[in-house]
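Working notes, structure below.
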């Protein structure tokens, strides 16, 4: 069986370990990146390499560094598993040519991935990944990628193992009000989901004087038997701990710590769209920041309502944090977020960072001394009630093509709801319904899944819109 071509999705190249994601293919992609950087005249600047807690991630990272070494390019290799935003930070700190993190983020345990970030520190834009894809697929046919032995590469100074942690954590202390957190003496539950957030999120909260109860803070390449995503379903154990004890907030990050999960003091899961709105409102009130706010096409218009309250412009982007990161680098925004639990802020990395998102929520709770549900209730009173939900509809290979064709068809009605307008992008189609409700349907770029996003002002209509979307996708 012929392996599929190398294809970068919304956040890098991912595949099933030993099936699609192999050492030979990693070598080819690494060589393609080396050639891409050399063509840009960046060969002398070096490359940052990190990896997550997945099976063989550290081995893939070393193999990649050996290929760069054979090309005469220096690698700064992390000495332990490392969060994606920390790799981004290290690229910028070292003024490197770019960086690679071996991670499949929140995907199931059988996956691994390679995420490339260019010199500006954010996820690579499509024109960059297209060039790398083209080069890598051409190299796959040759199967003669050079690599230098690890000991030899180290002795020549071409591979240097580095501790990325210290400088990143020091930088966080400039961006988070830890004195405020310390005075509040917060009681925090933390679920590290067996990933790279351990020694980062839990450690910095402990240093800030919080009483931290942490779970799943050790490496498990199987992530407890499920994908390391800080979803409501996966955070039930953390929610149970908060219900039984006296806590101020529950915090979690995914496998590579670029996504966040937030739980209120009573165990209630606060969905990412609500978190984004709360953080934007808090930043505007506490920092007095002015500037733009960016959100993806699939993200709640609750962000828009908060932006309107504070008189700031909203940028709507395609799905993929690369577009938000690009706006941050251009200086157009103070805040950017995606409904899939990605967030960054002004003067930080142009990459989603679950650690700083969690710390901003902790700071907000420390200052407000209210529950998150109380803060949401206050926000809804100020800007109006906006509720959102997302479901994943899993497909069989047999009906994947059929569903894709159906999603491309024009639509004027959705199960009785009149469609008054639509916006079609490469990331799916967003259908505007009467009363400013909306439905967005998009096929995942990395999984056999269609994501259906809905938004309205009442729970009853949310349920009706979810059912309408489900029926349309499944052709019922």
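None of the figures in this text is laboratory data; all of them are computed from the coordinates on show. It should be emphasised that the depicted structure is a prediction, and the values quoted were computed from it without experimental measurement. Here the Cβ is made from the backbone with ideal geometry for all residues, glycine too, and neighbour counts use every protein chain on show.
The figures follow:
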{"quantity": "Mean shadow area of the range 388-428, taken as a quarter of the surface of its Cα convex hull (nm²)", "calculated": "4.0"}
{"quantity": "Rg followed by Dmax, in Å, when the range 177-268 is reduced to its Cα trace", "calculated": "12.4, 38"}
{"quantity": "Globularity index of the range 117-157, i.e. its alpha-carbon radius of gyration over 2.2 N^0.38 Å", "calculated": "1.61"}
{"quantity": "Cα Rg, Dmax, the range 393-476, angstrom units", "calculated": "12.3, 37"}
{"quantity": "More than 15 Å apart - percent of Cα-Cα pairs taken over the range 189-228", "calculated": "37"}
{"quantity": "Computed over the range 13-166, Kirkwood Rh from alpha-carbon pairs, angstrom", "calculated": "15.0"}
{"quantity": "Span per principal axis, largest first, for the Cα atoms of the chain (Å)", "calculated": "64, 56, 41"}
{"quantity": "Solution diffusion estimate, µm²/s, Stokes-Einstein, the range 328-406, Kirkwood Rh from C-alpha pairs, 37 °C, viscosity 0.692 mPa s", "calculated": "204"}
{"quantity": "Two-decimal Rg to Rh for the range 1-50 - Kirkwood Rh, Cα set", "calculated": "1.02"}
{"quantity": "At q = 0.18, 0.19, 0.21 Å⁻¹, base-10 log of I(q)/I(0) for the range 271-352 (Debye sum, equal scatterers on each alpha carbon)", "calculated": "-0.60, -0.67, -0.84"}
{"quantity": "Rg over Rh [alpha-carbon atoms, Kirkwood Rh] for the range 127-180", "calculated": "1.27"}
{"quantity": "Between the range 113-135 and the range 176-242, the alpha-carbon center distance in angstrom", "calculated": "31"}
{"quantity": "Convex hull volume per residue in cubic angstrom - Cα atoms of the range 264-316", "calculated": "72"}
{"quantity": "Average projected area [Cα convex hull, the range 228-375], square nanometres", "calculated": "7.9"}
{"quantity": "Mean Cβ count within 10 Å, highest first, over the residues of peptides 372-381, 352-361", "calculated": "352-361, 372-381"}
